[in-house]
Amino acid sequence: MRLPLPRYLVILALLTANACGIPCHAGQPSSGLEQSICGLKEPFMFWLWSSAAGEPGAARLAQVDNIEDVAITSRDGRILRGYRLRPPHTLDGKQSPRGYLLVAQGNAMLADQIITRFDPFAALGYDVYIFDYRGYGRSEGKRRLRAILDDYREIIRQLDTQPYPHRSFYGMSFGGVVLLDALRDHSSDKTLVIDSSPSRLSGYGCPAAHDPVNNLPPDAGNLLVIAGAKDYVVKPVASGELLALAEERGATVHREPAWGHPFMDGHTQQRLQTVRQFLLGQ
């Protein structure tokens, strides 16, 4: 059912002017990073996706002893909030983690909804970090592609100042777009899984420089790419070019006939086991 035209125009104008998360930096103007680069529909689409993600529910994590709040300040001063899931044996400070895993989720998810599913990674000695995207959940700012990509370069830069022996990354759906872009100049010493991500964004009006196929490393030996034949969110036709090029460059490619989209298909345990085996060897 269509909205009457005047109401539709009002809604679209509001979204375009101020598609923010909570809080929206009252009195603080948009930064250059928060300008749309994918046309008028960019703020509208982010509004739809973030609405599907729902509201943050940090209370559900209150009884989990090895989860702590973390926050990183973006280059334009926005506070990006998330969680660190710590290995239980490191809580007393006597042992250090073996490395970190940075998870970039789909754009209809919040960090608190999935962080506990990564307990097996923490049990193997890894700090697991998941942040709400800018303008989602508890993170500040306007939801814009350019800003989110820049945020993850900054998150990785700050994590890499810490003495972690091993660094690994898991990006699902939109998160795969984010991590391929953020790591395009620093992928040689990092192990990465891209799961159910599209080959291109340029078909939606975004710059081709941000197409995942244009951000694959020349040597993709440290990369696993996953796709499910029953994925109706990012359909095989949308991910096929990325899988083919990744395989050509030496990546491990996992095509699973029974799987759909991450955290939506009933195969989450098997999927994360595949990710864990590739990233951590266990």
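Some observations on this one:
- Residue in region 150-166 that is in contact with a Pro (Cβ under 8 Å, 6 or more places away or on another chain) and closer than 24 Å to ALA53 by Cα present: no
- The residues listed here are GLY27, GLY39, GLY77, GLY54; of these, the one that is modelled with pLDDT of 90 or more and over 25 Å from TYR204 (Cβ atoms) is GLY77.
Matching residues to (1) among the basic types (Lys, Arg); (2) surrounded by 19 or more Cβ atoms within 10 Å (Cβ to Cβ); (3) on the phi > 0 side of the Ramachandran plot:
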position: ALA59; (1), (2), (3): no, no, no
position: VAL64; (1), (2), (3): no, no, no
position: VAL70; (1), (2), (3): no, no, no
position: ARG75; (1), (2), (3): yes, no, no
position: ARG78; (1), (2), (3): yes, yes, no
position: THR90; (1), (2), (3): no, no, no
position: LYS94; (1), (2), (3): yes, no, no
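- Within region 176-224, tally of residues that are within 24 Å of SER74 (Cβ to Cβ) and aliphatic (A, V, I, L, M): 10
- Pairs with Cβ under 6 Å, 6+ apart, first in region 271-282 and closer than 16 Å to ASP127 by Cα, second among the aromatic types (Phe, Trp, Tyr): VAL275/TYR170
- Count of region 236-258 residues which are farther than 17 Å from ALA208 by Cα, hydrophobic (A, V, I, L, M, F, W, C) and more than 21 Å from the chain's Cα centre (by Cα): 3
- Condition check for ILE11: out of contact with any Cys (no Cβ under 9 Å at 6 or more places or on another chain), surrounded by fewer than 17 Cβ atoms within 10 Å (Cβ to Cβ) and modelled with pLDDT of 95 or more: no
- Restricted to region 211-230, and to residues there that are within 13 Å of ALA244 (Cα to Cα) and assigned to a loop (DSSP other than H, G, I, E, B), the residue that is nearest to the chain's Cα centre (by Cα) is LEU216.
Let's see how each residue does on (1) modelled with pLDDT under 95; (2) closer than 15 Å to THR252 by Cα:
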position: MET172; (1), (2): no, no
position: GLY175; (1), (2): no, no
position: SER196; (1), (2): no, yes
position: SER202; (1), (2): no, no
position: ALA208; (1), (2): no, no
position: ASN215; (1), (2): no, no
position: PRO218; (1), (2): yes, yes
position: VAL225; (1), (2): no, yes
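- Filtered residues of region 175-210 (kept if of a type outside the set (Ser, Thr, Tyr), touching a residue at least 40 places away in the same chain (Cβ under 8 Å), in a helix (DSSP H, G or I) and surrounded by fewer than 23 Cβ atoms within 10 Å (Cβ to Cβ)): HIS210
- When we screen HIS254, HIS267 for residues that are over 25 Å from ARG200 (Cα atoms) and either in contact with a Cys (Cβ under 7 Å, 6 or more places away or on another chain) or crowded, with 17+ Cβ neighbours inside 10 Å (or both), the only hit is HIS267.
The values are calculated or read from the model by the stated rules, or taken from the named source; none is laboratory data. On a predicted model such as this, the values are computed, not experimentally measured, just so you know. Please note: Cβ atoms are built from the backbone with ideal geometry, for glycine as well, and neighbour counts cover all protein chains shown.
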